[in-house]
Structure formats: structure tokens, C-alpha cells
1. Looking only at segment 1-37, count how many residues are in a loop (DSSP other than H, G, I, E, B), among the hydrophobic types (A, V, I, L, M, F, W, C) and within 14 Å of ligand 2 (Cβ to nearest atom).
2. State whether the residues of segment 176-183 include one that is touching a residue at least 24 places away in the same chain (Cβ under 8 Å), surrounded by fewer than 24 Cβ atoms within 10 Å (Cβ to Cβ), farther than 25 Å from Leu276 by Cβ and within 14 Å of ligand 1 (Cβ to nearest atom).
3. With respect to the numbered conditions (1) surrounded by fewer than 20 Cβ atoms within 10 Å (Cβ to Cβ); (2) within 23 Å of Val281 (Cβ to Cβ); (3) in contact with a helix residue (DSSP H, G or I) (Cβ under 9 Å, 6 or more places away or on another chain), which one is the sole condition not fulfilled by Gly162?
4. Out of Gly237, Gly172, report the one residue that is in contact with a helix residue (DSSP H, G or I) (Cβ under 9 Å, 6 or more places away or on another chain) and either surrounded by fewer than 24 Cβ atoms within 10 Å (Cβ to Cβ) or in contact (Cβ under 8 Å) with a residue 24 or more places away in the chain (or both).
5. Taking into account only those residues within segment 38-61 that are more than 27 Å from Thr173 (Cβ to Cβ) and surrounded by 23 or more Cβ atoms within 10 Å (Cβ to Cβ), which is nearest to ligand 2 (Cβ to nearest atom)?
6. For Ser187, indicate whether it is among the hydroxyl-bearing types (Ser, Thr, Tyr), away from ligand 1 (no atom under 16 Å from the Cβ) and crowded, with 24+ Cβ neighbours inside 10 Å.
7. Would you be able to tell me the number of residues in segment 62-93 that are within 16 Å of ligand 2 (Cβ to nearest atom) and farther than 18 Å from Phe109 by Cβ?
8. Working carefully through the options Ala104, Ala87, Ala28, Ala99, find the one that is more than 16 Å from ligand 1 (Cβ to nearest atom), within 16 Å of Val131 (Cα to Cα), among the hydrophobic types (A, V, I, L, M, F, W, C) and touching a residue at least 40 places away in the same chain (Cβ under 8 Å).
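Read the figures in this text as sums done on the coordinates, not as results from a lab. These numbers come from a predicted model, not from an experiment. Cβ placement follows ideal geometry from the backbone for every residue including glycine, while neighbour counts extend to all protein chains displayed.
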Amino acid sequence: MTIEITLLGTGSPIPDPNRAGPSTLIRAGGQQLLVDCGRGVLQRLAAAGAGANTLSALLLTHLHSDHIADLGDLLITRWVSTFTPEAPPLPIIGPPGTAEVVEATLRAFGHDIGYRIAHHDDLTAPPGVDVREHTTGPVRDRDGVTITVAPTDHRPVTPTIGFRIEHRDENGTASVVMAGDTVPCESLDELAAGADALVHTVIRDDLIERLPQQRIRDICDYHSSVAQAAATAKRAGVGTLVLTHYVPALVPGQEDQWRALAAAEFDGPIELGNDLHRVEVSARG
Ligand SMILES: [Zn+2]
Ligand SMILES: [Zn+2]
């Protein structure tokens, strides 16, 4: 019983030559769940052996631009590269506001959609989507893989959500929680309780707070530091802590510095790295 986590994009809003925007691929029970779709997500999906047309669902933690930057690319590319007739719509699960963003994105690509429908006989309708907006509770149960949602705290960005993905069979249940961008909060602690892995976005407040631009320092208001993410992992009793969305970008060679900040709060395994870093999570029993 396993869940495979691939950090597709470990970057942030600041463009980085080596880090795509926030996005994570979860493989469980034959399903591919994409969590957020930041800059460069389709290139990273290709590198991970997946594609827009192989995804089972798209999960959005919130509607900040860095987390949805390539939504249009994802929707259009899935549409033009799906060759099965009557393909089901892409399930999209996100917080309230998601349907409006998806509709507006499809509208922005309206000319393109029109050109392709006019040109190709077998494209007769715009990209199919099935958008569900949630802030709490169980939201999907398919082939032994369940998804539960809970509110996170990324104010003034609201509402924002985290996801708990569980894969179960007769041998046990493996679970991964995707925190997204959030400060520590009780509802995330509850969502993550006992999970086998917690994937958490992090910032180095010790580095960011030294910068002269107030607008950059503002980001400390609504993100967890490495230590705070690790403290959440400890409170929730998770198995493995996976750090991503490094602000500032994680400089190669400084991995141990980041790991030490987390290890001061959390005793378990700590994973971090570059885009395409892969972590396999098993049920702890
Ligand atoms: Zn955000
Ligand atoms: Zn972000």
C-alpha cells in the first residue's frame, strides 16, 4: 500500500531557471492527482512520465497566481491531446472561486478553442471540466483512493484548503496531506493527524525578513517558516515531512541548512530537493 509523491515544481512566484512553479503529482491506486499547476507544470509532468491527458483530477489549494499559472496550458493541452471519443471531463476540486477562475481561463482561450473546433472534425465541444468547490469534508472516493478537504489559513487569501489523500486496501491505508500555503492552524493539524506524509510549503523567514522591500517581507505574514511547518508535522504526528515551494529558492548545497531548521522541531524523516524529487510513502500500519 503506497502513495508516490513527485515534487513537480518546487519554486515560488519568483522565476527560477531550475525550479518550476508550485505543483505536486500524487500517484495512488492507478490514479494521478495533480495538486496545483504552477509555471512549467506540463514540462515537469512530461519528465515524470505523465501528461495533461493522463490526469485523474486536478486539486487546487488556492487561487494565488503561482499555484494556477499554467491552468490554461493544462486545460487546452489535455483537450487537444485526448483522442478517446466522449472522454470524461477533468474533475477539478478547489476552494470557492475555482469555477469562476476556470470559466474565465476557458474564456481567455476562447479564440483558440474556436479555431480548433472549426479545424478538427473530432473536436466538437470545448474542454470538458467538472468543477467542485469545497472547504471541508470528504470530496472524492474512487478505486480505494479518498480525498478529504479542510480549511487552511493563508489570510488575507481566503478561502484556502488542504487535501488529505488516502489509499487503502486490505493491508492498510497510506495517507498524504498537502498543506499548501498556510500558517499553522488547528484545522490543518486535524487534517494531518497521523498521516504518513505531510507536504508543506515553506519560507525562510530568517532570510526574507532581512530584505529591504516591505512587499517581499509581507510574505512572512501568511506562510509557515521551515520551523513552523516542522512543528505542525510534530503536533500532527506525521511520518515524513516533505518541504517544497522554497522561498527564497533553495540553493544547491544548502539542503542541510534547511533540513536542520526542520529537524530542530521534528524527529522524523525530512525530504526536500529539486524538481522531480520523488518520495514513496507506505502505510505505517
Ligand atoms: Zn499562496
Ligand atoms: Zn504560493
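1. Narrowing segment 1-37 to residues in a loop (DSSP other than H, G, I, E, B): 1, 10-15, 17-18, 20-22, 29-30, 36-37.
Narrowing the set further to residues that are among the hydrophobic types (A, V, I, L, M, F, W, C) leaves 1, 14, 20, 37.
Now restrict to residues that are within 14 Å of ligand 2 (Cβ to nearest atom): 14, 20, 37.
Residues flagged as in a loop (DSSP other than H, G, I, E, B), among the hydrophobic types (A, V, I, L, M, F, W, C) and within 14 Å of ligand 2 (Cβ to nearest atom) within segment 1-37 amount to 3.
2. Start the filter on segment 176-183 by keeping residues that are touching a residue at least 24 places away in the same chain (Cβ under 8 Å), which leaves 176-183.
Next, from what is left, pick out any that are surrounded by fewer than 24 Cβ atoms within 10 Å (Cβ to Cβ): 183.
Those still in the list that are farther than 25 Å from Leu276 by Cβ too: 183.
Imposing the further condition that a residue be within 14 Å of ligand 1 (Cβ to nearest atom) reduces the set to 183.
Yes, that holds for at least one residue.
3. Checking Gly162 against (1) surrounded by fewer than 20 Cβ atoms within 10 Å (Cβ to Cβ); (2) within 23 Å of Val281 (Cβ to Cβ); (3) in contact with a helix residue (DSSP H, G or I) (Cβ under 9 Å, 6 or more places away or on another chain), the one that fails is (1).
4. Values: Gly172 fails: in contact with a helix residue (DSSP H, G or I) (Cβ under 9 Å, 6 or more places away or on another chain).
Unique residue meeting the criteria: Gly237.
5. Of segment 38-61, the ones more than 27 Å from Thr173 (Cβ to Cβ) are 38-44, 46-47, 51-53.
Now narrow it down to the ones that are surrounded by 23 or more Cβ atoms within 10 Å (Cβ to Cβ): 38-39, 41, 44, 52.
On the way: Gly38: 8, Arg39: 11, Val41: 14, Arg44: 16, Ala52: 21 Å.
For segment 38-61, the residue satisfying everything is Gly38.
6. On the way: among the hydroxyl-bearing types (Ser, Thr, Tyr): yes; away from ligand 1 (no atom under 16 Å from the Cβ): yes; crowded, with 24+ Cβ neighbours inside 10 Å: no.
Answer is no for this residue.
7. First pass over segment 62-93, keeping only residues within 16 Å of ligand 2 (Cβ to nearest atom): 62-71.
Subsequent filtering for residues that are farther than 18 Å from Phe109 by Cβ retains 62, 64, 66-67.
Going through segment 62-93 one residue at a time, the tally reaches 4.
8. Numbers: Ala104 fails: touching a residue at least 40 places away in the same chain (Cβ under 8 Å); Ala28 fails: within 16 Å of Val131 (Cα to Cα); Ala99 fails: touching a residue at least 40 places away in the same chain (Cβ under 8 Å).
Going through Ala104, Ala87, Ala28, Ala99 in turn, the sole match is Ala87.
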